[in-house]
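First comes the structure, then the notes that go with it.
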Amino acid sequence: MSKAQTFSFQTEVQQLLHLMIHSLYSHKEIFLRELISNASDACDRLRFSALTDESLMENDAELTVEVDFDKKSKTITVRDNGIGMTEEEVIENIGTIARSGTKQFVEALTGDQSRDSNLIGQFGVGFYSVFMVADHVTLRTRKAGTEAEQGTQWQSDGSGEYSLETTTREQRGTEIVIKLRSAEKEFLDGLRLRTIISKYSDHISLPIRMRELDGDKPKKGGDWETVNKGSALWARNKKDITDEEYKTFYTTLSYDSEAPLTILHNRVEGKLEYISLFYIPARAPFDLWDRERRHGIKLYVRRIFIMDDAEHLMPAYLRFVRGVVDSADLPLNVSREFLQHNKEIDKIRGASVKKILNELKRLATKDLDKYVTFWDQFGRVFKEGMVEDHENKNLIASLLRFSTTKQEDDKQRVSLDDYISRMAAKQKAIYYLTADNFSAAKNSPHLEVFRKNDIEVLLLTDPIDEWVVSHLTEYQEKPLKSVAKGALDLDEIEDKEHSEEKNKAFDELVAKIKQALDARVKDVRISSRLTDSPACLVADEHDLGANLERILKSVGQDTPTYRPILEINPDHPIIAALKPDADNLDDWAHVLFDQAALSEGAQLTEPATYVRRVNELLSAALPGGGSRIITDF
Ligand code: ADP
Ligand code: MG
């Protein structure tokens with residue numbers, strides 16, 4: 001393609017560009033951060049590839065980024081001698097958005113310009129931020145290891161199109177020439193550019209160079225000077241690092257405009273040598289639940305960047321942790337496959353997890369406000385640890401927080417230790433109830449006898465909770481028990497004597513109801529859970545339960561047929577008055593069943609049948625009852 005050809009941007013890119021140009025007004029300086037970050041990535045990638053193919057360095061092994069400007073032509077140039085791009089790669093990377101859509105980006109925008117400018121980095125759309133300041137952009141690039149004639153030139157003014165042509169380029173790597181809009185002339189200032197570079201890019205270990213200044217202009221024939229500090233922050237001594245430096249570095253890692261909740265910086269020496277610097281954010285990123293999201297840990301080997309997203313360094317339930325691991329022992333040419341089966345990585349990971357869990361424990365005991373922030377932002381992800389991390393099961397369990405029947409709001413604040421410290425003297429189990437949401441849980445009939453006896457019950461309303469309790473069967477030697485499953489041991493809860501005598505009187509009614517409900521129930525029995533409601537549904541000890549069944553169905557999973565047990569309350573006026581030989585017993589049985597399902601927040605499969613039955617019973621109860629006024633509706 002020697003003649004220039006014109007292409008249209010992908011629709012999403014067009015929307016994004018429109019947004020860059022028209023909606024983001026402040027913090028425009030971050031365009032430089034983004035271009036330098038890309039340049040530095042490109043150099044890191046070249047260095048990595050050159051480990052196996054030295055010829056890629058083309059006898060020019062000193063990797064640098066240059067930033068230059070020219071007042072007359074109103075241009076800023078950012079140049080690197082990194083890996084460069086082929087023409088296909090240019091089309092792929094600078095014409096489409098691969099990972100996340102603009103729609104999500106737009107939804108995430110808050111109007112707070114400082115947060116929004118960080119979102120640009122989070123969404124991996126950094127390159128386009130150049131159009132916040134540019135009238136026109138020319139990108140020239142040549143991939144390392146290709147011929148000089150195989151260079152590519154890309155140009156665009158940020159409206160709907162870009163042009164591509166083949167060009168000759170002696171130097172490998174990428175050069176981006178930005179023609180500034182006239183309103184953005186302020187960036188044509190050497191000191192201003194240097195300040196921006198040190199603000200955002202001091203930690204980049206590669207030299208970032210600018211030409212010696214003559215006043216505020218580049219000096220003719222002047223030398224190139226390195227303008228970033230270029231020292232890896234994590235490799236420095238803790239006591240020499242200011243809070244501000246830690247925070248700035250965090251922002252470059254996370255694009256989070258808020259300060260992190262906590263910082264963990266460690267140097268490990270001995271048989272295994274490495275440095276770790278971890279941050280726990282104070283706010284969940286927009287894509288915490290996105291399966292494709294990048295993980296937060298970068299791996300370095302002796303200060304040399306190896307890879308982003310080193311998922312083997314941190315288990316999924318701690319995926320919100322950001323930071324760096326710098327190993328002194330790993331070879332430079334590690335691959336992801338290598339990491340998967342590497343003993344050193346396993347050890348680093350194990351120790352890192354312990355560090356983070358211990359820090360969380362410290363916050364939970366010494367800095368409650370921070371722990372509460374952590375829990376509200378990341379609790380639901382953290383709970384996955386109960387399933388994922390058997391080794392630290394007990395520590396994780398101690399960090400869990402729940403809402404309970406002893407509170408009005410749905411905040412998860414109670415730990416298992418708090419719960420145990422408040423248990424009634426003869427209470428043996430930790431009781432919980434799982435439900436779809438807090439108000440369904442709180443009003444569930446299963447809680448009646450517990451409320452009457454002032455026994456606290458944990459209310460679990462996150463979908464993951466079902467898995468948490470299936471892995472956490474006991475804590476501090478106390479079994480966890482669902483109030484909606486199996487038989488209740490009332491002696492643990494109530495002081496009075498319980499006789500089976502009274503229940504016998506209901507044997508016939510129970511049998512008749514069971515007959516009427518047939519396949520809808522596994523069993524019918526007299527309840528010891530209820531004080532106010534006539535009936536409730538419970539699951540057999542080892543059955544799924546209604547909540548888990550609902551969750552599994554909602555994600556399209558096949559479930560074994562689950563049939564609940566109907567429990568009836570002999571003290572309730574309806575049950576007390578219901579005769580086994582009543583001729584509408586069939587309607588009563590089904591209405592009791594459906595009401596029990598409704599009261600725990602379930603959806604009826606046949607609501608119309610339910611309504612018809614209720615109306616039959618109501619009309620029979622009217623004066624002159626039994627005349628069946630309403631038979632249909
Ligand atoms: P991100 O850096 O998050 O991937 P960007 O929009 O900043 O998103 O860049 C898009 C892609 O363009 C990069 O992933 C990279 O493949 C390519 N790219 C951008 N700048 C350069 C460069 N200087 N050298 C090589 N490739 C680059
Ligand atoms: Mg980028």
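The values are calculated or read from the model by the stated rules, or taken from the named source; none is laboratory data. Just so it is clear, the structure is predicted and the values come from calculations on it, not from any experiment. Note: ideal-geometry Cβ built from the backbone for every residue, glycine included; neighbour counts use all protein chains shown. All accessible areas refer to the heavy atoms of the entire protein, side chains included, with ligands and DNA or RNA removed. Shrake-Rupley method; radii C 1.70, N 1.55, O 1.52, S 1.80 Å.
Observations on the structure shown:
- Residue within the range 21-37 that is within 27 Å of THR168 (Cα to Cα), out of contact with any helix residue (DSSP H, G or I) (no Cβ under 9 Å at 6 or more places or on another chain) and within 13 Å of ligand 1 (Cβ to nearest atom) present: no
- A single entry from LEU552, LEU566 fulfils the requirement of being open to solvent by 10 Å² or more (accessible area, probe 1.4 Å), out of contact with any His (no Cβ under 9 Å at 6 or more places or on another chain) and not in a loop (DSSP other than H, G, I, E, B): LEU552.
- Test: LEU206 is part of a loop (DSSP other than H, G, I, E, B) and more than 16 Å from ligand 2 (Cβ to nearest atom): no
For (1) within 16 Å of ligand 2 (Cβ to nearest atom); (2) exposed (fewer than 15 other Cβ atoms within 10 Å of the Cβ); (3) of a type in the set (D, E, K, R); (4) assigned by TED's automatic domain parsing to the domain that holds MET57, each residue gets a yes or a no:
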{"site": "THR110", "(1), (2), (3), (4)": "no, yes, no, yes"}
{"site": "GLY126", "(1), (2), (3), (4)": "yes, no, no, yes"}
{"site": "PHE131", "(1), (2), (3), (4)": "yes, no, no, yes"}
{"site": "ARG140", "(1), (2), (3), (4)": "no, no, yes, yes"}
{"site": "GLY145", "(1), (2), (3), (4)": "no, no, no, yes"}
{"site": "GLU149", "(1), (2), (3), (4)": "no, yes, yes, yes"}
{"site": "SER159", "(1), (2), (3), (4)": "no, yes, no, yes"}
{"site": "TYR162", "(1), (2), (3), (4)": "no, no, no, yes"}
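- Residue count for the range 452-489, restricted to those that are among the acidic types (Asp, Glu) and over 12 Å from GLN427 (Cβ atoms): 5.
- Matching entry among THR226, THR195 (being open to solvent by 30 Å² or more (accessible area, probe 1.4 Å), free of Cβ contacts under 8 Å to residues at least 60 places away in the same chain, of a type outside the set (Phe, Trp, Tyr) and over 30 Å from ARG267 (Cβ atoms)): THR195
- Only residues that are under 21 Å from THR473 (Cα atoms) and either without any contact (Cβ under 8 Å) to a residue 60 or more places away in the chain or open to solvent by 80 Å² or more (accessible area, probe 1.4 Å) (or both) were counted across the range 520-549, and they come to 7.
- For the range 89-108, residues that are at pLDDT below 90, surrounded by 16 or more Cβ atoms within 10 Å (Cβ to Cβ) and within 28 Å of SER55 (Cα to Cα) total 1.
- Scanning the range 310-357 for residues that are open to solvent by less than 10 Å² (accessible area, probe 1.4 Å) and polar (S, T, N, Q) gives SER327, SER352.
- Meets criteria (touching a residue at least 40 places away in the same chain (Cβ under 8 Å), crowded, with 16+ Cβ neighbours inside 10 Å and within 12 Å of ligand 1 (Cβ to nearest atom)) for ASN118: no
- GLY121 within 16 Å of ligand 2 (Cβ to nearest atom) and either assigned to a helix (DSSP H, G or I) or modelled with pLDDT under 90 (or both): yes
- Residue within the range 509-517 that is among the aliphatic types (A, V, I, L, M), touching a strand residue (DSSP E or B) at 6+ places or on another chain (Cβ under 6 Å) and in contact (Cβ under 8 Å) with a residue 12 or more places away in the chain present: yes
- Restricting attention to the range 29-66 and to residues that are within 16 Å of ligand 2 (Cβ to nearest atom) and not in a helix (DSSP H, G or I), the residue that is farthest from ARG142 (Cα to Cα) turns out to be GLU29.
- Qualifying residue in the range 234-252 (condition: within 18 Å of ASP44 (Cβ to Cβ) and of a type in the set (Val, Ile, Thr)): yes
- The lone exception for THR77 - which of (1) under 22 Å from VAL133 (Cα atoms); (2) more than 29 Å from the chain's Cα centre (by Cα); (3) of a type in the set (Ser, Thr, Tyr); (4) away from ligand 1 (no atom under 14 Å from the Cβ) it fails: (4)
- Yes/no for HIS27 being assigned by TED's automatic domain parsing to the domain that holds ALA61 and surrounded by 14 or more Cβ atoms within 10 Å (Cβ to Cβ): yes
- Wholly within the range 403-473, helices (runs of 4 or more DSSP H) carrying at least 3 residues that are aromatic (Phe, Trp, Tyr) and more than 26 Å from LEU368 (Cβ to Cβ): none
- When residues of the range 609-633 are limited to those that are of a type in the set (Lys, Arg) and open to solvent by 70 Å² or more (accessible area, probe 1.4 Å), the one modelled with the lowest pLDDT: ARG628
- Evaluation of GLU384 against the conditions (1) open to solvent by less than 40 Å² (accessible area, probe 1.4 Å); (2) not assigned by TED's automatic domain parsing to the domain that holds GLY296 shows that the sole unmet condition is (1).
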